[in-house]
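The values are calculated or read from the model by the stated rules, or taken from the named source; none is laboratory data. Being a predicted model, the structure only gives us computed values, none of them experimental. Note that we place each Cβ from the backbone using ideal geometry, even for glycine, and neighbour counts take in every protein chain shown. Each accessible area value is taken on the protein alone, full model and side chains, heavy atoms only, with ligands, DNA and RNA left out. Shrake-Rupley method; radii C 1.70, N 1.55, O 1.52, S 1.80 Å.
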Amino acid sequence: GWDEYPAWSPDGTRIAFASGRTGNGDIYAMDADTDNLQQLTDHPGSDSEPAWSPDGTRIAFASDRDGDEDNIYVMDADGANVQQLTDTDWGTVTHPAWSPDGTRIAFARSGEDGDWDLVIMDPDGTNVQQLTDGPATDTSPAWSPDGTRIVFDRYLDGNYHIYVIDADGTNLHP
């Protein structure tokens, strides 16, 4: 099976990743030094793109377990208490990224017009704010260490470019 999307826990002791070793995508975690592999999700849907909360207690991930589209889910770091945060009506949702203070999650969402936009929300799925809009494809958000800005990939005119936007949706620039 395949293994991908590795993510360090904030304290550096564990690594979460997605794996197809059971025939479909699930999230696993292992100790960084001793392996000690633990399967965190076990669902017929495909779970991928794990992202640790800054305090290491939760993991956000993308999954198509609720139908054809990927949504963002969050679970405890041991795989318990899985909660769906986004709605399938939004289109495909991927690339969850926690803000450094753990109060927001950024992600990419496919729009009805075929483009992808950046969105942020609270870790319970509320307070949703779309940051980008337009014909470009915006994906792979990553927060600045102080939580004030987000860097991301923008596919425009046949090429990927790195852009930055303030976390309030202002001051977009390459």
Given (1) open to solvent by 60 Å² or more (accessible area, probe 1.4 Å); (2) at pLDDT 95 or above; (3) farther than 20 Å from E49 by Cβ; (4) not β-branched (V, I, T), index of the condition D157 fails: (2)
Tabulated pairs, region 37-60, first closer than 12 Å to D76 by Cβ and free of Cβ contacts under 8 Å to residues at least 40 places away in the same chain, second part of a strand (DSSP E or B) and among the charged types (D, E, K, R), C-beta under 7 angstrom, 6+ apart or interchain: T57/D76
Search result, residues across region 86-99 that are touching an Asp or Glu at 6+ places or on another chain (Cβ under 7 Å) and either at pLDDT 95 or above or closer than 21 Å to R58 by Cβ (or both): V93, T94, H95, P96
Failed condition for A32, given (1) over 16 Å from the mean Cα position of the chain (by Cα); (2) touching a residue at least 24 places away in the same chain (Cβ under 8 Å); (3) open to solvent by 40 Å² or more (accessible area, probe 1.4 Å): (3)
Region 107-146, residues that are under 13 Å from the mean Cα position of the chain (by Cα), open to solvent by 20 Å² or more (accessible area, probe 1.4 Å) and among the aromatic types (F, W, Y): W143
